[in-house]
Amino acid sequence: MLAASRRWRGEGLDIGLVPTMGALHAGHLSLIEHARRENRIVVVSVFVNPIQFGAGEDFARYPRDPDRDADLLRRAGVDAVYQPSVAVMYPPGSSTRVHVGGVGDPLEGAARPGHFEGVATVVSKLFAAVEPDRAYFGQKDAQQVAVVKRLALDLDVPVEIRVGPTVREPDGLALSSRNAYLSAEERVAAACLSSALALAASAYANGERSPEKLRKALCRRLEAEPLARVEYAEVVDPETFRPPGSLAVLAVRIGATRLIDNHDLSKEFPG
Ligand code: AMP
């Protein structure tokens with residue numbers, strides 16, 4: 001991968017990297033499109049990163065569909081797919097972990113201990129393997145974006161972090177590879193995340209600024225959904241991920257499936 005990247009760079013071509021865990025959907029494809037508009041070369045990595053899953057999480061059953069992914073990536077016209085094995089990423093003896101303190105600690109960091117270390121470690125390795133000019137991440141994983149921006153700054157990685165908007169289903173549900181876990185009934189219930197965000201955004205538009213009241217607006221809608229169990233619902237600063245701020249962030253279980261979503265309440269909710 002690095003040899004190919006350096007050859008392209010030597011030819012004066014700029015390189016955009018889109019990291020994914022595969023099971024590709026329209027959210028991934030919109031990041032790839034974004035990367036194609038801004039770079040001569042687009043590299044997509046496909047790697048289900050074992051170290052960002054906690055014990056008891058869904059690593060083993062995470063959706064994998066390499067043939068379909070390959071087909072979508074071919075049709076999207078990407079220049080290279082980097083698909084290392086776990087043994088190549090983490091050979092025996094590999095023991096270094098990248099910890100992004102501060103922004104990586106609350107919310108997702110607290111709910112999933114070790115998750116952001118796994119993300120920061122694999123993203124560091126992807127940056128080293130591809131040496132991209134720009135790397136593309138989805139706003140869907142807002143705290144991950146903040147962690148990756150902090151990492152690139154703190155480790156002096158010469159990459160520009162670019163963020164793409166969340167792609168949603170017609171009823172507002174954010175696309176996610178994990179939506180495949182939902183039963184038909186759960187799929188209907190899962191719309192409560194986006195409708196809670198939309199309700200909080202309209203409260204904000206009507207002048208509500210109290211973090212506690214905005215939080216309650218989110219929870220009221222989520223708790224009205226019998227299949228939903230709220231893990232967290234907060235309104236935070238988009239850089240520190242601590243209150244106060246205007247970014248509403250949610251983690252909600254629908255049955256056994258854990259879903260996350262977020263929205264900047266100072267903006268109108270799409271749709
Ligand atoms: P994943 O394969 O879930 O690790 O996601 C790979 C990249 O796609 C991450 O930067 C995600 O934030 C982004 N992504 C996931 N879902 C969406 C979505 N619905 N809209 C836009 N980007 C997304």
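Points to keep in mind about this one:
- Placing +1 on each Lys and Arg Cβ and -1 on each Asp and Glu Cβ, with no other charges, gives the stretch 177-264 a dipole about its Cα centre of roughly 160 debye.
- Remark: C-alpha extents of the stretch 143-271 on the principal axes read 46, 36, 25 Å, sorted largest to smallest.
- Bridge type composition, the chain - antiparallel percent by DSSP, nearest 5: 50 percent
- Close Lys pairs in the chain, defined as Cα atoms under 19 Å apart and 8 or more places apart or on different chains, number 5.
- Shape analysis of the stretch 1-146 based on the Cα gyration tensor places the equivalent ellipsoid semi-axes at 25, 17, 16 Å, largest first.
- Per-bin percent of Cα-Cα distances, the chain [5 Å]: 1, 6, 12, 16, 19, 17, 13, 9, 5, 2, 1, 0
- Ordering Leu153, Leu73 by accessible surface, largest first, gives Leu153, Leu73; the 1.4 Å probe counts only protein heavy atoms, with every chain in place.
- Taking each residue as 0.36 nm, the span from Leu153 to Ala128 lengthens on full extension beyond its C-alpha to C-alpha distance by 7.5 nm.
- Positive-end residue of Tyr181, Ala142, Val43, charge dipole of the chain with Cβ unit charges: Val43
- For Glu11, the solvent-accessible surface with a 1.4 Å probe is about 120 Å², rounded to the nearest 10.
- When all protein chains stay in place and ligands, DNA and RNA are ignored, the 1.4 Å accessible-area order of Met1, Met89, largest first, is Met1, Met89.
- Residue among Gly104, Gly93, Gly12 with the largest mean-square fluctuation in a Gaussian network model of the chain, springs linking Cα atoms under 10 Å: Gly93
- Per residue value of the accessible surface for the chain (all protein chains in place, 1.4 Å probe), Å²: 47 Å²
- Here the stretch 119-143 is scanned for amide nitrogen atoms under 13 Å from the site 7 Å beyond the Cα of Ala87 along Cα-to-Cβ, giving none.
- Whether the stretch 134-212 is rounded, prolate or oblate, judged on the alpha carbon gyration tensor where a/c under 1.5 counts as rounded: oblate
- The stretch 118-176, Rg to Rh (Cα coordinates; Rh as Kirkwood inverse mean 1/r): 1.04
- Accessible area in the full protein assembly, largest first, 1.4 Å probe, for Lys140, Lys125: Lys125, Lys140
- Measuring only protein heavy atoms, the 1.4 Å probe finds Leu72 accessible over about 30 Å².
- Total charge dipole magnitude, the chain, about the Cα centre, Cβ charges on Lys, Arg, Asp, Glu only, Debye to nearest 20: 120 debye
The values are calculated or read from the model by the stated rules, or taken from the named source; none is laboratory data. Computed from a prediction, not measured in an experiment: that's the story for all the values here. Reconstructed Cβ throughout: ideal geometry from the backbone, glycine too, with neighbour counts over all protein chains shown. What goes into the accessible areas is simple: the full protein's heavy atoms, side chains included, and nothing from ligands, DNA or RNA. Shrake-Rupley method; radii C 1.70, N 1.55, O 1.52, S 1.80 Å.
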